[in-house]
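Heads up: the structure comes next, in structure tokens.
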Amino acid sequence: ELGPLDVGPLDVVSLADLHGDLPQALKIMKRLGVVKPDVTESNWGELGRTLWAAGTATFVQTGDVVDRYHFDKDIIDFLWKLQDHAEAEGGKVVLLLGNHELWNLQGVLQDVRPLARCQYLEDPGDRQKCPAETTAELQQAIKTYGRSVVQAALARLNPWDKDRAKWGKIIGPWGVKAAVAHLKAWDKEGAVGKGVRERLKDGRMAFFFKKAQVLFVHAGLVGPAGEWFLQDGNANAAAELLIAKTMRQLQEVASRRLKQREPLRLLDDPLSFDDADNESIKTEAFEALVTNGRGGRGDMRSPAWSRVCDEDLWNEQFKREVENPAGDPCAAVEQVLIAANATTMVIGHCPNDLNKTTPRKRCGDRLMLADTRMSRGYNNEELMDDRLWGLRFSPG
């Protein structure tokens with residue numbers, strides 16, 4: 001076991017994608033010195049137990065805490081509690097929204113593990129029974145219908161899916177019950193959906209965060225669109241549009257853009273927002289922010305969806321969104337860093353391949369890729385402690 005870092009009062013510690021793996025998340029947060037060493041996955045919720053260990057330091061989690069593994073609700077509750085404890089001791093925890101949080105707010109179920117859905121059931125007895133019952137249902141469904149049909153059914157249990165009854169029959173009653181509880185929790189008035197909106201309003205959650213000369217974003221801020229988000233009030237204006245909408249309304253926006261397969265016309269700068277007046281720009285920025293782009297490759301202008309991390313994916317995003325040829329991703333990052341008076345941009349979103357375990361650097365060390373694929377949801381349930389990495393930035 002590696003001992004905890006000695007975190008200074010002005011340090012900034014960051015951690016990228018956790019994807020539902022609370023035990024691994026706790027392990028790396030204790031090593032990073034932001035969570036007390038005696039905190040475990042079984043005792044963190046105890047009344048009176050203090051979680052925060054880093055004094056007046058700042059901890060930034062860059063998004064994608066949910067999906068792919070089993071402990072989504074636990075990891076959300078833990079991070080929100082850690083945030084409260086840090087504030088009480090003069091520290092700060094900033095939670096950024098990733099594309100997977102946005103997917104859950106839209107009711108997109110495709111990466112929500114069946115056992116993770118059980119955590120949202122309100123009745124404690126149901127929560128206890130659900131994993132075994134759901135597992136048995138799924139095993140039988142796979143024998144009867146095949147794995148691909150079951151995976152499709154799990155992703156399509158939304159109330160607005162016209163074939164929901166058919167999918168529910170395939171999955172079984174416990175699977176449907178858990179999916180309904182998940183969707184209710186993430187909707188506008190649900191426990192998670194309401195909590196996200198409250199935190200967006202008061203700044204505890206955000207789409208990016210800058211401390212000293214480091215800019216933290218889930219997927220990247222690029223070009224003129226990135227500069228627009230940086231300007232005072234603009235990101236909050238886009239967030240207000242998200243806050244006001246229900247799950248169904250967010251899903252309708254996303255669905256409309258996904259069906260728009262044709263690229264936009266040639267723009268003077270494809271990394272800008274095209275509308276002339278400020279209100280239209282806010283709407284366009286909101287749509288780019290919260291949805292998966294045309295045809296499902298993400299919008300390169302979005303802090304939650306950009307693929308500035310990978311040149312091939314970046315080029316693919318351009319082809320989906322605009323007719324212009326793709327520009328240099330590093331130049332788009334540099335433009336935003338200059339505007340933000342920052343030296344480094346730290347992102348998650350783009351997991352390492354299996355041959356690389358540590359954070360990576362691009363663009364002359366100006367862009368740090370911090371998603372080290374630490375969740376067991378990426379690794380076939382295998383514990384891979386060599387992938388447990390975070391970043392620490394100290395003054396000077």
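Among Arg362, Arg301, what's the order by accessible area (1.4 angstrom probe), most exposed first?
Accessible-area ranking of Arg362, Arg301, largest first: Arg362, Arg301.
Can you say what percent of the DSSP beta bridges in the chain, counting only those with both residues inside, are antiparallel? Round to 5.
40 percent
Just to confirm a number: summing +1 for Lys and Arg and -1 for Asp and Glu over residues other than Ala155 whose beta-carbon lies under 15 angstrom from that of Ala155, what do you get?
The answer is +4.
Cut-off under 14 Å on the C-alpha distance; same-chain residues fewer than 8 positions from Lys201 excluded. Which aspartates and glutamates are left, in chain and number order?
Of all the aspartates and glutamates, those that pass the test against Lys201 - Cα under 14 Å, at least 8 places apart if same chain - are Glu240.
Order these peptides, 336-345, 38-47, by their mean beta-carbon neighbour count within 10 angstrom, highest first.
Taking the mean over residues of other Cβ atoms within 10 Å, the ranking is 336-345, 38-47.
Quick check on packing: order 73-86, 226-239 by the mean number of other C-beta atoms within 10 Å, highest mean leading.
73-86, 226-239
What's log10 of I(q)/I(0) for the range 234-371 at q = 0.10 Å⁻¹, Debye sum over Cα points only, no solvent?
-0.36
At each listed q (0.09, 0.11, 0.12 Å⁻¹), what is the log10 of I(q)/I(0) that the Debye formula gives for the chain modelled as equal alpha-carbon point scatterers?
With no solvent term, the Cα-only Debye profile gives -0.52, -0.80, -0.95.
Please express the Cα-Cα pair-distance distribution P(r) of the range 1-41 as a list of whole percents, one per 5 Å bin, running from 0 to the bin with the greatest distance.
Binned Cα distances yield the sequence 6, 23, 33, 22, 13, 3.
Report the GluC sites (Glu not before Pro) located in the range 77-139 that are in a DSSP loop and have at most 10 other Cβ atoms inside 10 Å of their Cβ, or state none.
Glu122
Give, in whole angstrom and from largest to smallest, the semi-axes √(5λ) of the equivalent ellipsoid of the range 1-89, with λ running over the eigenvalues of the Cα gyration tensor.
Equivalent ellipsoid semi-axes, largest first: 19, 15, 13 Å.
Calculate what fraction, in whole %, of the accessible area of the range 165-225 sits on carbon and sulfur atoms when a 1.4 Å probe is rolled over the protein chains.
59 percent
So, how do all the Cα-to-Cα distances of the range 72-207 break down into 5 Å bins, in percent, from 0 on up?
Per 5 Å bin, starting at 0, the Cα pair percentages come out as 2, 10, 18, 21, 17, 13, 9, 6, 3, 1, 0, 0.
Sum up the charges of everything whose Cβ sits under 14 Å from the Cβ of Ala332, counting Lys and Arg as +1 and Asp and Glu as -1, but leave Ala332 out.
-4
Could you report the range 100-164's accessible area per residue, 1.4 Å probe, as an integer in Å²?
Per residue, the range 100-164 has 51 Å² of solvent-accessible surface.
If you look at just the Cα atoms of the range 47-143, how large are its Rg and its Dmax in Å?
Gyration radius and largest Cα-Cα distance of the range 47-143: 16.4, 54 Å.
Which of Trp160, Phe209, Val150 sits farthest toward the positive end of the charge dipole of the range 148-235, with +1 on the Cβ of Lys and Arg and -1 on the Cβ of Asp and Glu?
The listed residue farthest towards the positive side: Val150.
Just to confirm a number: summing +1 for Lys and Arg and -1 for Asp and Glu over residues other than Trp389 whose beta-carbon lies under 12 angstrom from that of Trp389, what do you get?
Result for the local shell: +3.
Report the charge-dipole magnitude of the range 94-247 in Debye, nearest 20, computed about the Cα centre from +1 at each Lys and Arg Cβ and -1 at each Asp and Glu Cβ.
360 debye
Determine the equivalent ellipsoid of the range 322-396 by diagonalising the alpha-carbon gyration tensor, then write out the semi-axes as square roots of 5 times the eigenvalues, largest first, rounded to whole Å.
27, 18, 9
Give me the one-decimal Kirkwood hydrodynamic radius in Å for the range 66-112, with the sum taken over alpha-carbon pairs.
Its Kirkwood hydrodynamic radius stands at 11.8 Å.
In whole angstrom, note down how far apart the Cα centers of the range 1-55 and the range 72-105 are.
Cα centres, the range 1-55 to the range 72-105: 13 Å.
Of Lys129/Lys166; Lys73/Lys194; Lys188/Lys211, which pairs sit farther than 21 Å apart, going by alpha carbon to alpha carbon?
Lys129/Lys166; Lys188/Lys211
Give me the dipole magnitude in Debye, nearest 20, for the chain about the Cα centre, with unit charges on the beta carbon: positive for Lys and Arg, negative for Asp and Glu.
1000 debye
Taking 37 °C and 0.692 mPa s as the conditions, I'd like the Stokes-Einstein D for the range 114-163 in µm²/s, using the Kirkwood hydrodynamic radius from alpha carbon pairs.
Reported coefficient: 275 µm²/s.
In whole angstrom, note down how far apart the Cα centers of the range 118-180 and the range 276-338 are.
35 Å
The values are calculated or read from the model by the stated rules, or taken from the named source; none is laboratory data. Owing to the predicted nature of the structure, the values given are computational and were not obtained by experimental measurement. Please note: Cβ atoms are built from the backbone with ideal geometry, for glycine as well, and neighbour counts cover all protein chains shown. Remember, those area values only see protein heavy atoms, side chains included, never the ligands or the DNA or RNA. Shrake-Rupley method; radii C 1.70, N 1.55, O 1.52, S 1.80 Å.
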